[in-house]
1. Look at segment 12-36 and say how many of its residues are at pLDDT 95 or above, surrounded by fewer than 24 Cβ atoms within 10 Å (Cβ to Cβ) and more than 22 Å from Thr90 (Cβ to Cβ).
2. Could you tell me which residue of segment 216-261 is nearest to Gly165 (Cα to Cα), considering only residues that are charged (D, E, K, R) and out of contact with any Gly (no Cβ under 8 Å at 6 or more places or on another chain)?
3. In segment 76-93, what residues are open to solvent by less than 30 Å² (accessible area, probe 1.4 Å) and closer than 20 Å to Gln45 by Cβ?
4. Restricting attention to segment 173-194, which residues are open to solvent by less than 40 Å² (accessible area, probe 1.4 Å) and more than 18 Å from Arg39 (Cβ to Cβ)?
5. Within segment 7-44, which residues are over 9 Å from the mean Cα position of the chain (by Cα) and within 16 Å of Val68 (Cα to Cα)?
6. With the condition kept exactly as written, say whether any residue in segment 61-69 is over 22 Å from Arg18 (Cα atoms), polar (S, T, N, Q), in contact with a Ser or Thr (Cβ under 7 Å, 6 or more places away or on another chain) and open to solvent by 30 Å² or more (accessible area, probe 1.4 Å).
7. Filter segment 196-216 down to the residues that are outside any strand (DSSP E or B) and within 17 Å of the chain's Cα centre (by Cα) and list them by number.
8. Go through segment 72-109 and give me each residue that's more than 21 Å from the chain's Cα centre (by Cα) and hydrophobic (A, V, I, L, M, F, W, C).
Amino acid sequence: MLVLIRGAGDLASGIALRLRHARMQVVMTDLATPTAIRRTVCFSQAILFGKMQVEDVLAERADTPEAVPEILSRGSIAVLADPEARCIETLKPDVVVDAILAKRNLGTKITDAPCVIGVGPGFTAKVDCHACVETMRGHTLGRVITEGSPLPNTNIPGLIGGFAGERVLRAPADGIFRQTLEIGQSVREGDIAGTVNGEPMRCTISGILRGLLADGTPVHKGMKSGDVDPRNDDSYCYLVSDKALSIGGGVLEAILHFTEV
C-alpha cells in the first residue's frame, strides 16, 4: 500500500514512522525550504541534506516522482519538495494524508485517492476527506472522526511539564532568523536562542532547547521559531513525541477502516 503524506514536519513524521513500522510504503511532500522547528525528528530535512533518519527509519530525497519507486524498494521513505503535491497524479497513491497542520485545507480533495485523511482542524469528513484525526491534546487526541470536523484551533500549545504557551519561542520581528544556540542545549530563562535583525529571541523558561528554526530561515514577527522542553531530558530531542505517535495511530486506524490491506 502506498501512502502519500502532505507535510513532513514533526507530527507528519510521527505518522510516517508509525505507518512505516506497519510496513506501508510512504512518500512525503514538503516545502523546498522546510520550516520545521523540531528538525531532529523531521523527515523534511531529507530535502535539504539528501537523507534523514528519525529513530530507526531512514528517509531519502526524491528529486522527481519517477525516483520514488527505487527509494521505496530500499525500505526508505521518499521525500519530495512538492508543497502542492502535484506528484499525486503520477504516483496515484492508495491513501493521501494531509498532515500540513495549516489549520485549514490547502487544497486536498476527497477525490485525491481512494482514502483521504485530514489531520487536525480545517477538514470535514465526507466533504473534503473520508476521515479526520483529532490533534487536540486530551481524551480525544488521535481519535478518528468519520462525520464532522476536529476541534477548532485554540492557538494554545499543549501543557508539558507544567508549561504551555511559555514553551514556544516566537520571532521578535520580520526578517532572517539567525540561531545562536543548538537543539539539545540546556537553557535558562532569558537566554538568547536566536536573533532576527539583531533583535533577540529569548527563552521564557528554563529547560532543554527541543526545537529551533534553521539558521537563515525567513520569518515574520510572532512566527513559531523554537521550543523549550522544561523536563530537562535531552533524549526527547531525538524521539518522536507521544502526541505524534498517538495521531499516527489514528491515521493507521483510519487507513485500515477505509481500505483493504
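1. Residues flagged as at pLDDT 95 or above, surrounded by fewer than 24 Cβ atoms within 10 Å (Cβ to Cβ) and more than 22 Å from Thr90 (Cβ to Cβ) within segment 12-36 amount to 5.
2. The first filter runs over segment 216-261 and keeps only residues charged (D, E, K, R), leaving 221, 224, 227, 229, 231, 233-234, 242-243, 253, 260.
Okay, now just the ones that are also out of contact with any Gly (no Cβ under 8 Å at 6 or more places or on another chain), so 221, 224, 233, 242, 253, 260.
Numbers: Lys221: 16, Lys224: 11, Asp233: 19, Asp242: 18, Glu253: 31, Glu260: 41 Å.
Only one residue tops the list, namely Lys224.
3. Result: Ser76, Ile77, Ala78, Val79, Leu80, Asp82, Ala85, Cys87.
4. Those that are open to solvent by less than 40 Å² (accessible area, probe 1.4 Å) and more than 18 Å from Arg39 (Cβ to Cβ): Ala173, Gly175, Gly190.
5. Ala16, Arg20, Met24, Gln25, Val26, Val27, Met28, Thr29, Asp30
6. Here is the first cut: in segment 61-69, the residues over 22 Å from Arg18 (Cα atoms) are 63-67.
Next, from what is left, pick out any that are polar (S, T, N, Q): 64.
Right, trim to in contact with a Ser or Thr (Cβ under 7 Å, 6 or more places away or on another chain) and you get none.
No.
7. Narrowing segment 196-216 to residues outside any strand (DSSP E or B): 197-198, 203-206, 213-216.
Correct list: Leu213, Ala214.
8. Going through segment 72-109, the residues more than 21 Å from the chain's Cα centre (by Cα) turn out to be 73-74, 89-92.
The answer is Leu91, and nothing else.
The values are calculated or read from the model by the stated rules, or taken from the named source; none is laboratory data. Values in this document were obtained by computation on a predicted structure and should not be read as measured data. In this analysis, Cβ positions are derived from the backbone assuming ideal geometry, glycine residues included, and neighbour counts consider all displayed protein chains. For accessibility, only protein heavy atoms count, side chains too; no ligands or nucleic acids. Shrake-Rupley method; radii C 1.70, N 1.55, O 1.52, S 1.80 Å.
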